[in-house]
1. Would you say A:Val275 is in contact with a Pro (Cβ under 9 Å, 6 or more places away or on another chain) and either in the same structural domain as A:Pro369 (by TED's automatic domain parsing) or assigned to a strand (DSSP E or B) (or both)?
2. Do we find a residue being assigned to a strand (DSSP E or B), surrounded by 19 or more Cβ atoms within 10 Å (Cβ to Cβ), outside the structural domain of A:Leu332 (by TED's automatic domain parsing) and small (Gly, Ala, Ser) anywhere in the stretch A:186-198?
3. Of all residues in the stretch B:309-352, which are out of contact with any strand residue (DSSP E or B) (no Cβ under 9 Å at 6 or more places or on another chain) and assigned to a loop (DSSP other than H, G, I, E, B)?
4. Can you say whether B:Thr711 is within 14 Å of another protein chain (Cβ to nearest Cβ), under 26 Å from A:Gln260 (Cβ atoms) and modelled with pLDDT under 90, as far as the supplied structure shows?
5. Quick test of your reading of the structure: B:Lys684 fulfils all but one of (1) within 38 Å of the chain's Cα centre (by Cα); (2) modelled with pLDDT under 90. Name the failing condition by number.
6. Can you name every residue in the stretch A:341-373 that is within 30 Å of A:Asn215 (Cβ to Cβ), of a type in the set (D, E, K, R) and either outside any loop (DSSP other than H, G, I, E, B) or without any contact (Cβ under 8 Å) to a residue 60 or more places away in the chain (or both)?
7. Could you say which residue among B:Glu681, B:Glu704 is in a loop (DSSP other than H, G, I, E, B), closer than 21 Å to A:Gln142 by Cα and more than 11 Å from chain A (Cβ to nearest Cβ)?
8. Just one of the numbered conditions (1) touching a Pro at 6+ places or on another chain (Cβ under 7 Å); (2) closer than 22 Å to A:Glu144 by Cα; (3) crowded, with 21+ Cβ neighbours inside 10 Å is not true of A:Ile229; which one?
Amino acid sequence: MECRLPFSLVVFCLVILSSTVRSELVISSVEKWVDLHSHIVRVVSFLKVENQGPYDVSEFVLAFPDAQAKNLATMLVIYLEEGKIIYSEFPINSTKPKSKQSNMTFYPVTLPKKLEKGKTAGLDVYVVLTNLLKPLPKEITQAESQLLVYTDNIYYTSPYHIRNQSIVFRLPGRIESYSEYSEMRLVESELRYGPFEEQPPFSYSPVVVHFENNNSFAVASNFVQEIEISHWGNVQVTEQYTIIHGGAHLKNGFSRIDYQANPSMSGASSFRTLVARLPPMSHSVYYRDEIGNISTSHLRGDSQGTQLEMELRFPMFGGWKISFSIGYSLPLHDFLFESDAGNNVLNITFGSSIEEIVVENQIVRVVLPQGSKDISVKSQFPTKKSQELKYSHLDIVGRPVVVLEKDNVVPEHKRYFQVYIYYKFNNIFLLGKAMMLILGIFLLFLMCILYMHADLALSKTSSWEEETEGRK
Amino acid sequence: MGATSNASPAPLNSALSSFPSLKALKFTTKQQELLIRVSALALIYVLAFVVRLFSVLRYESMIHEFDPYFNYRTTLFLTKNGFSEFWNWFDSESWYPLGRIIGGTLYPGLMVTAALIHRILHFFSFAVHIREVCVLTAPFFASNTTLVAYFFGKEIWDSGAGLVAAALIAICPGYISRSVAGSYDNEGVAIFALLLTFYLFVKAVNTGSLAWSLASAFGYFYMVSAWGGYVFIINLVPLYVLVLLVTGRYSMRLYVAYNCMYVVGMLLAMQIRFVGFQHVQSGEHMAAMGVFFLLQVFYFLDWVKYILNDIKLFHSFLRITLTCAITVGVLALSIGTASGYISPWTGRFYSLLDPTYAKDHIPIIASVSEHQPTAWSSFMFDFHILLFLFPAGLYFCFKRLSDATIFVVMYGLTSMYFAGVMVRLILVAAPAMCLVSSIAVSATVKNLSSLVRAKSKSPQGSGKPLSGSKAAAKASADQSLPFQKNGAIALLLGALYLLCRYAIHCTWVTSEAYSSPSIVLAARGHGGGRVIFDDYREAYYWLRQNTPPDAKVMSWWDYGYQITAMGNRTVIVDNNTWNNTHIATVGRAMSSYEHEAYEIMLSLDVNYVLVVFGGVTGYSSDDINKFLWMVRIGGGVFPVIKEPDYLVNGEFRVDKGAAPKMLNCLMYKLCYYRFGEMTTEYGKPPGYDRVRGVEIGNKDIKLEYLEEAFTTSNWIVRIYKVKPPKNRW
């Protein structure tokens, strides 16, 4: 396979890499679980890797077809030795040597401990994929349920030889159709293929599952989060969403009477509410859009967090779009810490507060107080970073804004990813605005006093005229 | 006011002696009066603003009703794109396919004001959104109006009357109805401008000062830029001048004031594109010009009289000049009118002079609810005690007749007439009512309190003067005029009671009747809780999000502004009813059979049809109730549509006994599509219309050329998609 590739340094490295890799490691068993319950595909693969080569190995390569790699939102690898979790990491950070020929993307995973020859280790790979479920048919009426198609390789895609493998699809409900293989079993909503024995590297045979899935297919095409820090003790968060129902499009219009008369049968794939989990101690919550407040929402709070149940202005059917924004305030001391160097450290959780939503493009704007200096950002995943200025109430030099941008964000990002922002802020600036206001009002009163004491020129002349007239 | 001037300095001194530092702050009576006056005025200023915030508290900071949405949209455009762009804006989103030249067809005063406030706030780095500015513009100007009312009252009577006028106008329901927070309409700033112009003009007449009359010209300019109601000023002021001339009150002051105000005001007003040359070309403005020339003739005659010194000669000269002047004037007017240089009066103006005119000739004016003649009850509702105080104020005005009081009497009487002709003009009458009433209140209270005070100077007056009527009666028993003090106190208490009632009434009216945005509807639920119907915004937001950006929406013109502002989609007709034929076309489409309507809709490139239907919720101002106006307006241009076809024995019905054309016209079909399957009320058959209180007549409605695209959760707004034409082969 490699001999057909053009000669270049990268490819050369790849050749060396994959050839050495192949010669040494073997996957003794792999079980792949594909969870198709929501519109986000979550794949867990339990691998057992055996080192058969003469040397210790420190790197393992994961391979994904480009179609999946393009939509790979996040990945988590857990390395087990004798059943114990040794180390977990996010290989998405690492470089991606890419072979154009084979339509594959490789993710080298540096093992935390060298795998000695003849030893076996466990490797759990957790992958979150988006945009892989395609509705079929593409348009449905209000009365129909939504059917989705998922296509995958029945064999585990890997540059290594695999001795024993199986794949399991977990489905939310009825199955319309699926690829027939000799080794397969359908138990309730679990479709299992395998075990397949002794497959060479990069074995491929397509498997297609066509199934019913009416879960809310919420995709935020655009999500802007603005976090405004006030050193008076408040964090104001504003989240703007543009949400699209990414499922099968609605055909023949929307009929309210059907929707009202039989909610379970009609518009099964539509969704009317979205639930946002806000951090604990959130207060002053609002929910509105460009044309005003949306009066239908419920807020429940407990020590674990605050739950905002938002009823959208209209039920969302396939292909429909809606945009709105929510906002809330948080106490500052939960998010701001002081580092030893006198820096302020702001610890924010990346990701959307709405449950089970795919964000195609997320922009986080952290507005730091006026006068902040030496700003630096540390995040555990690659983002586009930039800085700008924002002018808000009574600002003179503007507030520095740290802008972070990331594509393809899934709920998992919220769970694992934190962003740290370091900056310096002198608390004396807190008084600046208050002093400005005091000065302004003082000047106003001063002007009033001056005005009251000044003799107006007009009245003077008129009195002068009266006097002169009197003399005449 | 009276009590303060009577306060003896001795107890004040003793009270202050405990605070040595405050001793230096000992006020003279005059200073005390000033302090109380200023603080009262400040409180009134705040009150006028605060009382208008009911709608924000009850609902939210939002724009109300219909026209304000257009104003909001244009203001948004102005702040985004600047004045030059705004002035040259051709809006292709309304009146499709004609479009509308926005700069030339609107009064920009309101938008420019809001944009200016927005800019000033941003200059002082208050980062407020333009919507908040727009919502609070009307209350802010209402507050300013109270200040103008104070100065006006001071000018025509005294500062006491000014204070009362300010207090009355701050909470007058007739004014509040158009100036609550969110009611971002021209009237909000126009009443301020109107009163300011009048005040400055009266001031100019009183002083004869060029500066004041120039100021009033600028006030007039602001009024012209803000509202079409400026026509009232340009007719009232000449009328006032004429009355002064007739009553022999002509003076140099008047001459200076009117000439300067008219000439400069006219030139300034011509800068507004929507007004243009109307001041010299339109019949409505001719009275002002006539009076202007009359004043010149008058001045000329005065001068000749001074030169001639011969009464006989002067009389003959007078006769010749007058005949000449009148002939020339009449000739100019008739030639101007005949040649079309001077345009005749508009329909709206006619309908003001003759209340029945619109009903017979212009259905589009008559169809607007705020153009209806005013009911007696709404006078009571909007003016309350002012109705009784107004005649009393007139009495006081006549008793102390001056140039200023003549003006306010004329303003009061004419505006009362117009208020009777059209509901919305109650607004114009409100300041006049408040001013005249304030004179009544102030004069009465002043007289009475001076009576009471005169008595309290008697030896027994050491007790509590207002503690009880019995003690007071005993005290006054030995007076020469028995019960005088008693009666005065009783009358004072009565006045106090009346004013309290007024305040209570105004607050109640404001909170209950005038603070509803009418975009969001609220009703009481079964449990007594508040139920919100947010269907309008649901539908407009759906249009905004889920229709192609270039989609054309056909609806009755009432909803045009809202669809363009909130739905951001092109409409066929909107609330700027400038093209009657276009509206009639929509009316015709709505009242035709579906296949006929389809032809019309295709010719207008309509993609969606929006109707408002209240049959499920009982919301009575829906399209079925407005339907007869569509038929009338449509029939006025297209004789194919005949009103009797939709009526049964002159009665408008939607049940089984309805006219067949009614049961199959587009509007009926769109409103009642699949309504026959719906049970609205327990114990009633399906398809029971809760507004009309009947079971609908046509339950089996099939749509051939349209399909239901969206219906809001309470069915108030229904949107249909027009299917593309079928292939011919």
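1. So A:Val275 does not fit the description; no.
2. Yes: one or more hits.
3. The answer is B:Asn309, B:Asp310, B:Gly340, B:Tyr341.
4. no
5. Single failed check for B:Lys684: (1).
6. A:Glu360 - this is the single residue of the stretch A:341-373 that is within 30 Å of A:Asn215 (Cβ to Cβ), of a type in the set (D, E, K, R) and either outside any loop (DSSP other than H, G, I, E, B) or without any contact (Cβ under 8 Å) to a residue 60 or more places away in the chain (or both).
7. Answer to the selection: B:Glu704.
8. The one condition A:Ile229 does not meet is (2).
The values are calculated or read from the model by the stated rules, or taken from the named source; none is laboratory data. Computed from a prediction, not measured in an experiment: that's the story for all the values here. All Cβ positions, glycine included, derive from the backbone under ideal geometry; neighbour counts span all protein chains shown.
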